[in-house]
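My questions all concern the structure below.
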Amino acid sequence: IEKTGKPIEEWIKIVKEKDFFKHGEIVKFLKEQYSVTHGYANLIAWKSK
């Protein structure tokens with residue numbers, strides 16, 4: 001996650017502030033809003049649960 005310039009804890013905070021219900025919603029949001037790769041978005045979504 002260091003390639004994104006944000007530590008994983010910051011990504012988790014961003015995701016939790018949005019109150020997503022589905023894993024796919026998190027992945028889509030991160031890819032569209034922050035241009036992270038699918039792999040990074042998936043990892044962040046998984047760790048934020």
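Which entry is the computed Cα extents along the principal axes in Å for this structure: [x] 27, 18, 16; [y] 44, 13, 12; [z] 32, 22, 16?
[x]
Would you please state which residues of region 35-49 a label at LYS3 would reach in this model, taking the label point 7 Å out along Cα→Cβ and a backbone N cut-off of under 11 Å?
From region 35-49, the list is 36-41.
So which chymotrypsin sites (Phe, Trp or Tyr not before Pro) in the chain end up in coil per DSSP with only 15 or fewer other C-beta atoms within 10 Å?
PHE21
Throughout, read-outs are computed from the coordinates displayed, never taken from laboratory work. All values derive from a computational prediction rather than experimental measurement. Neighbour counts are summed over all protein chains in view; Cβ atoms, including those assigned to glycine, are modelled from backbone coordinates with ideal geometry.
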